[in-house]
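A.B. asks: Structure incoming, see below.
The values are calculated or read from the model by the stated rules, or taken from the named source; none is laboratory data. This structure is a prediction, so every number in the text was calculated from the model and none was measured. Here Cβ is always computed from backbone atoms with ideal geometry, including for glycine, and neighbour counts include all displayed protein chains. Please note that ligands, DNA and RNA were not included when accessible areas were found on the heavy atoms of the full protein model with its side chains. Shrake-Rupley method; radii C 1.70, N 1.55, O 1.52, S 1.80 Å.
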Amino acid sequence: MSNAATLAGGFPDLSKLPVARQAHWMRWFTAAAIVAVLLTIGRAFANGQIEWSYVSRFLTAPVILQGIVNTMVMAVLAMALGIFLGIVVAIMRLSPNPVLKSVALGYTWLFRGTPLILQLLLWFNIALVFPTIGIPGLWSARAVDIMTPFLSALLGLGINQGAYTSEVMRAGMLSVDAGQYEAAKAIGMGRLRALRRIILPQAMRVVIPPLGNEFIGMVKATSLASVIQYPELLHSAENIYYANSRVIELLIVAGLWYLLVVSILTPLQMLLERRFARGFSQTAR
Amino acid sequence: MTQPLVAIRSVSKTFGEFQALKQVSLDVSAGEVLCLIGASGSGKTTLLRCINQLTPVDSGGIWLDGELLGLREEGGRLHRLTERQIARQRLKTGMVFQRFNLFPHKTALENITEGPVQVQGRDRQEVRSEAMELLARVGLTAKADAYASQLSGGQQQRVAIARALAMKPMLMLFDEPTSALDPELVGEVLSVMKELARSGMTMLVVTHELGFAREVADRVVYMDHGAIVESGSSRDVLGAPREARTQAFLSAVI
């Protein structure tokens, strides 16, 4: 059925005409300018005082490779400790118990309020405060023996991370609809079981993107543990350039490895996100 | 007279300045289907939530199957029960929510088996086959592996009813189970509820579906401003209300 008869005339039919491509002169200009700048910087580095052969030689040196392994081990363990503490502290923070709530607030305040490098130094030097540590009557040891660079770095990084992660976790738990708590209670669940079975799995979906961010931060924050002699990537690079004075070359080696690791982590995060998006999109299977 | 399954005595509840329940008393006998009607804010949902202890009462008492809910009398004082004890008492009631509240990260089947397996610690295989029977009962066998996001509102609510039934409750509470549904989906949920009523389940239903109340309810209770105004058979309350307020409400909604 046509309604052409009822439409006013004087308006040409445009439906057959193609739309011409717009010329983006400004885009071409800025692109050219950026390429020019990058070329200049690249040339400067190529002609600068950098021995690129040292970069390629040390890129796969055993000490550097061991440094990356140590960096990743520390990042994973400290992040695991941080996530564990973060969940516990977030649950305490959201608890109706005012004592637990205050403890959670105090923890976040203390460890978020002081520099990470200072906390690492404090853990490493804790023997100055407590020469021996242990359980009275059962077991004790000299603190210098126990507080190795590894344990100091783990505690320093993990406990600090826990303070940040608790806020991420709390946001995730608050994002879950209150009706979910009620439905869990209605089938007889207590608070902790409801958190573990119903609330946290749903909170994970919201929490993974910021946690991925935090983990990437953690990989780089392990470099701070070089100040307490933990043999991670930066510390290994430093040890080499203390011997051969190729400071920039070794720093570039370390930088390339950090970049590579972070580049690998990004797609891993996307896989995790997909896992926890179960049930939340129409295409989820 | 035999002991009522639910005995509500002088229950009051205040939210800030707002008095949601004023000295409400009510008996529900086993096998009875009771519909609570009234305008929003009349206290009917609060009363239902008090029975399931999602809302603690301020004063008065509710007994379910002879057991005082949420409180313990000792030395002339009332003590609140621990969360664990309250969780155990909740096992006797099943609750169906207005907004379904299915667990979105679990399939329909997993929603149903979650409580029996995790809370009651029953055998997974046995619970699973029971859950499949419940899904068949609500007509959703084909949707066992679907997530809530893949189900219509009516289907979600039917899964929610199956989830509550899986705990084998002695009392089912329905909080406006069809209010969040598109009109064409109301019927499928109501027919599941009718079948449940015929099977002899004790049901307390907060509803605006007067047709359902007329057809299924043994008793209809009209509430207004936190108090029970009128209570009787559906024929009497809906057909020939005695109270002026009930008459006004009914003429406004029909």
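A.B. asks: Could you work out what % of the accessible surface of region B:101-254 is carbon and sulfur, using a 1.4 angstrom probe and leaving DNA, RNA and ligands out of the count?
C.D. replies: Using a 1.4 Å probe with all protein chains present, region B:101-254 comes out at 47 percent carbon and sulfur.
A.B. asks: Provide a whole-number value for the mean count of partner chain Cβ atoms within 10 Å of the Cβ atoms in peptide B:96-103.
C.D. replies: Per residue, the average neighbour count from other chains is 5.
A.B. asks: Next question. Quick one: check the C-alpha center-to-center distance for region B:1-41 versus region A:237-263, whole angstrom.
C.D. replies: So the two Cα centres are separated by 73 Å.
A.B. asks: Then there's this: For a quick check, take a GNM of chain A with Cα springs below 10 Å and name the residue from A:PRO98, A:PRO149, A:PRO210 with the largest mean-square fluctuation.
C.D. replies: With Cα springs under 10 Å in chain A, the top fluctuation among A:PRO98, A:PRO149, A:PRO210 is at A:PRO98.
A.B. asks: Please grab the % of Cα pairs in region B:71-186 that end up more than 25 Å from each other.
C.D. replies: Summing the P(r) tail past 25 Å for region B:71-186 gives 27 percent.
A.B. asks: Pop out the ³J(HN,Hα) list for region A:249-254 in order, Karplus 6.51 cos²θ - 1.76 cosθ + 1.60 with θ = phi - 60°, rounded to Hz; leave Gly and Pro as x.
C.D. replies: Here the 3J(HN,Hα) series is 4, 5, 5, 5, 4, 4 Hz.
A.B. asks: List the residues, sorted by chain then number, that are 5 or more residues from B:LEU71 or on another chain and whose placed amide H is less than 5 Å from its amide H.
C.D. replies: Correct list: B:LEU81.
A.B. asks: What average number of partner chain Cβ atoms lie no more than 10 Å from the Cβ of the residues making up B:83-91?
C.D. replies: Across the residues of B:83-91, the mean count of other-chain Cβ atoms within 10 Å is 3.
A.B. asks: Can you quote the Å³ per residue value for the convex hull of the Cα atoms in region B:1-146, rounded to an integer? Numbers along the way, then the final one.
C.D. replies: On the way: hull volume 24.9 nm³, N = 146.
Expressed per residue, the convex hull around the Cα atoms of region B:1-146 is 171 Å³.
A.B. asks: Need one number for region A:19-97: average projected area of the convex hull over its C-alpha atoms, nm².
C.D. replies: Result: 13.7 nm².
A.B. asks: Another one. May I ask which of A:LYS101/B:LYS106; B:LYS13/B:LYS44; A:LYS185/B:LYS92; B:LYS22/B:LYS92; A:LYS185/B:LYS168; A:LYS185/B:LYS13 have a Cα-Cα span longer than 22 Å here?
C.D. replies: A:LYS101/B:LYS106; B:LYS22/B:LYS92
A.B. asks: Here's a follow-up. Could you work out Rg/(2.2 N^0.38 Å) for the protein assembly as shown, with Rg from alpha carbons only?
C.D. replies: Normalised by 2.2 N^0.38 Å, the Cα Rg of the protein assembly as shown equals 1.37.
A.B. asks: Per residue of region B:142-148, what does 6.51 cos²θ - 1.76 cosθ + 1.60 with θ = phi - 60° give for ³J(HN,Hα)? Whole Hz please, x for Gly and Pro, Karplus curve as stated.
C.D. replies: The phi angles translate into 6, 9, 3, 9, 7, 8, 3 Hz.
A.B. asks: Peptide A:188-198: average number of partner chain Cβ atoms within 10 Å per residue?
C.D. replies: Across the residues of A:188-198, the mean count of other-chain Cβ atoms within 10 Å is 5.
A.B. asks: Something else: Would you kindly calculate the translational diffusion coefficient of region B:123-254, applying Stokes-Einstein with the Kirkwood radius from alpha carbon pairs, for 10 °C and a viscosity of 1.306 mPa s, and quote it in µm² s⁻¹ without decimals?
C.D. replies: Reported coefficient: 98 µm²/s.
A.B. asks: Between B:GLY43 and residues 5 or more places away or on another chain, which pairs have amide H atoms under 5 Å apart, with H built 1.01 Å from N, and which residues are they?
C.D. replies: Here B:GLY226 satisfy the definition.
A.B. asks: Which order do the peptides A:117-127, A:39-49 come out in when sorted by mean C-beta neighbours inside 10 angstrom, highest first?
C.D. replies: Ranking the peptides A:117-127, A:39-49 by packing returns A:117-127, A:39-49.
A.B. asks: Under Stokes-Einstein, with the Kirkwood radius over Cα pairs standing in for Rh, what whole-number D in µm²/s applies to chain B at 25 °C and 0.890 mPa s?
C.D. replies: 130 µm²/s
A.B. asks: Could you tell me how far the Cα centroid of region A:154-201 sits from the Cα centroid of region B:127-197, in Å?
C.D. replies: 28 Å
A.B. asks: Enumerate the helices in chain B for which the Kyte-Doolittle hydropathy averages -1.0 or more and the C-alpha atoms extend at least 20 Å along the helix's axis, using complete DSSP H runs. Before the final figure, lay out the partial values.
C.D. replies: Numbers: long enough: B:183-198 (23 Å, 0.38).
Passing helices, by number: B:183-198.
A.B. asks: Which residue, B:VAL220, B:MET167, B:ALA244, has the largest displacement toward the positive end of the dipole of region B:113-254 when charges sit on each Cβ (Lys, Arg +1; Asp, Glu -1)?
C.D. replies: Value: B:MET167.
A.B. asks: I'm checking a number: the convex hull volume of the Cα atoms of chain A, normalised per residue, in Å³. What is it?
C.D. replies: Considering the Cα atoms of chain A, their hull volume per residue is 305 Å³.
A.B. asks: Oh, and also: Treat every Asp and Glu Cβ in the protein assembly as shown as -1 and every Lys and Arg Cβ as +1, leave all other atoms uncharged, and give the resulting dipole magnitude about the Cα centre to the nearest 20 debye.
C.D. replies: Result for the protein assembly as shown is approximately 540 debye, rounded to the nearest 20.
A.B. asks: Please state, to two decimals, what the Cα-based radius of gyration of region B:38-116 comes to when divided by 2.2 N^0.38 Å (N = residues).
C.D. replies: Normalised Rg, Cα atoms only: 1.32.
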